Amino acid sequence: MVRGTSRRVVVVRSPDPKIFEEAIFIIREDLFHRGASAESVLAEARRAAGSYLHAATPSRRGRRRMAKALYAGLGGLAAGLAWLAFRLVGV
């Protein structure tokens with residue numbers, strides 16, 4: 001928690017609020033003294049939020065792999081239950 005100090009922040013609102021509502025970036029005090037523009041700071045904040053979102057969400061390829069593994073597991077479970085049922089019946 002920061003007390004007794006004022007900070008400059010950039011708030012980037014999400015276009016899709018299902019994932020996150022907003023990202024808050026605290027700006028360095030000396031940034032604007034070094035000649036950075038407000039547009040470049042906002043663009044960098046959006047780029048950072050976008051790269052985090054890209055890294056945090058699974059890709060379509062990853063979802064397909066998970067679906068294949070799930071179907072294989074369910075198929076194995078079904079085969080095991082069928083074997084157990086036939087075994088208990090005595091066939």
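No lab work stands behind these numbers, since they all come straight from the coordinates. Source: prediction; values computed, not measured. All Cβ positions, even for glycine, are placed from backbone atoms using ideal geometry, and neighbour counts span all protein chains on display.
So here's what we get for this one:
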{"quantity": "Extension gain from R87 to R8, taking 0.36 nm per residue of separation minus the Cα-Cα distance", "calculated": "21.4 nm"}
{"quantity": "Inter-probe distance in nm under a simple model that places probes 7 Å from Cα toward Cβ, at E21 and A38", "calculated": "2.4"}
{"quantity": "Virtual spin-label span in nm between R28 and A48, 7 Å along Cα→Cβ", "calculated": "1.1"}
{"quantity": "Selection from G73, A36, L53 lying farthest towards where the dipole of region 8-89 points positive, charges on Cβ", "calculated": "G73"}
